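Asker: Encoded as structure tokens, here's the structure I'll be asking about.
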Amino acid sequence: MELVVVEWQDGALMHDPSPYLDKLPELGPRLPAGARAFASDPEHYDFAGPRCVKDLEFGGLSLGGGPLGLELRLEANPWKHSERLVIRYAGVAGVRVGGDPKVGLSSLRLDEILPHDHGCSHELTFLTGTVHVICADLQARWESVADPPGDPGTRTEAPA
């Protein structure tokens, strides 16, 4: 990631989205509408908030949602979240997943959405790997964990 900090320092994993948040007023107008709404959600990096991305668990990555579409499912951490996050990417131009296939990706540390010539890039750093998507835009929706994944009747848009 370019601005968000997720790194080991003196034996502890440090998380600092403040350099990204400082640049977001400049970056936001250059992001597609869905990406801008998700990135600028005040709860996105509120570590104590129920809609913070930190600590969500990797749930799966699949093709779908129309031509060149991709869906990323992030499951709720039962200690922190009452909702799962589903991100649908449209007009996907590239996807890179890195990590140990024997371990999986584990829990999300933080993410970063930046403007890109194709629309935006979304990089997610997990405890044991990364996901990087380049797309035209994305839509992030929170779903109740009480309902089955993908039930469209339970979705709520992240605040704009």
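The values are calculated or read from the model by the stated rules, or taken from the named source; none is laboratory data. Model, not experiment: these values are computed from the prediction. Because the Cβ atoms are built from the backbone with ideal geometry, glycine has one as well, and the counts that use them run over all protein chains shown. Side chains included, ligands, DNA and RNA excluded: accessible areas come from the protein's heavy atoms. Shrake-Rupley method; radii C 1.70, N 1.55, O 1.52, S 1.80 Å.
Asker: Order these peptides, 52-58, 15-21, by their mean beta-carbon neighbour count within 10 angstrom, highest first. Let's see the in-between values first.
Answerer: Numbers: 52-58: 21.0, 15-21: 16.4.
Highest to lowest by the protection proxy: 52-58, 15-21.
Asker: Something else: Under a 1.4 angstrom probe, counting protein chains only, how are Thr130, Thr125 ranked by accessible area, largest first? Walk me through the intermediate numbers first.
Answerer: Working: Thr130 45, Thr125 25 Å².
So the residues, ranked largest to smallest area, are Thr130, Thr125.
Asker: Also, quick follow-up: Which order do you get for Ile113, Ile134 if you rank them by accessible area with a 1.4 Å probe, largest at the top?
Answerer: On the way: Ile113 0, Ile134 40 Å².
Reading off the accessible areas and sorting them downward yields Ile134, Ile113.
Asker: If the cut-off is 18 Å between C-alpha atoms, which aspartates and glutamates fall inside it for Lys102, apart from same-chain ones fewer than 8 positions away?
Answerer: The qualifying aspartates and glutamates are Glu57.
Asker: Using modelled backbone amide H atoms (1.01 Å from N, in-plane), which distant-in-sequence or interchain residues come within less than 5 Å of Phe126's amide H?
Answerer: So Phe126 has HN proximity to Arg109, Val131.
Asker: Rounded to the nearest 0.05, what FRET efficiency is calculated for Asp10 and Leu63 with R0 set to 30 Å and r the Cβ-Cβ distance?
Answerer: Given R0 = 30 Å and the Cβ-Cβ separation, E is 0.15.
Asker: Continuing with this model, one more query. Using only alpha carbon pairs under 8 Å that are at least six residues apart, calculate the relative contact order of the chain and give it in whole percent.
Answerer: For the chain, the relative contact order is 22 percent.
Asker: Still on this model: If you place +1 on the Cβ of every Lys and Arg, -1 on the Cβ of every Asp and Glu, and leave all else neutral, what size is the dipole of the chain about its Cα centre, to the nearest 20 Debye?
Answerer: Using only the charged Cβ atoms, the result is roughly 320 debye.
Asker: Excluding Pro50 itself, what net charge comes from residues whose Cβ is under 10 Å from its Cβ, given Lys and Arg +1 and Asp and Glu -1? Walk me through the intermediate numbers first.
Answerer: Numbers: positive: Arg51, Lys80; negative: Glu43, Asp46, Glu83.
For residues surrounding Pro50, the net value is -1.
Asker: Show that you can apply the helix-only estimate: for the chain, add -39,500 (n - 2.57) for every DSSP H stretch of four or more residues, divide by all residues, and state [θ] at 222 nm to the nearest 500. Write down the numbers at each step before the final one.
Answerer: Numbers: 2 runs with 17 residues, N = 160.
Taken over the chain, the calculation gives -3000 deg cm²/dmol.
Asker: Return the Cα extents of the chain along principal axes one, two and three, sorted largest first, each rounded to a whole Å.
Answerer: 44, 36, 31
Asker: Sequence neighbours fewer than 8 away in the same chain don't count; with that in mind, list the lysines whose C-alpha is under 16 Å from Lys54.
Answerer: The reachable lysines, counting only those whose Cα sits under 16 Å from Lys54, are Lys80.
Asker: Assign one of three labels to the range 1-96, namely rounded, prolate or oblate, based on the Cα gyration tensor with a ≥ b ≥ c the square roots of its eigenvalues; rounded applies when a/c is under 1.5, prolate when it is not and a/b is larger than b/c, and oblate otherwise.
Answerer: On the way: a/c = 1.63, a/b = 1.22, b/c = 1.34.
Because a/c hits 1.5 or more and a/b fails to exceed b/c, the range 1-96 counts as oblate.
Asker: Kindly state, to the nearest 0.05, the FRET efficiency for His118 paired with Ala146, given R0 = 25 Å and r defined as their beta-carbon distance.
Answerer: Working: r = 36 Å, r/R0 = 1.45.
Using R0 = 25 Å, I get an efficiency of 0.10.
Asker: Would you list, by chain and number, the aspartates and glutamates whose Cα falls below 12 Å from the Cα of Lys23, excluding same-chain residues fewer than 8 positions away?
Answerer: Hits, sequence-local ones excluded: Glu2, Glu112.
Asker: Rounded to the nearest angstrom and ordered from largest down, what semi-axes does the equivalent ellipsoid of the range 68-152 get from its C-alpha gyration tensor (root of 5λ)? List each step's numbers first, then the result.
Answerer: Values: eigenvalues 93, 60, 24 Å².
In descending order, the three semi-axes are 22, 17, 11 Å.
Asker: Check Leu56: other-chain or 5+ apart residues with amide H under 5 Å from its amide H, H built from backbone geometry?
Answerer: Residues meeting the criterion, in which the H sits 1.01 Å from N, are Leu108.
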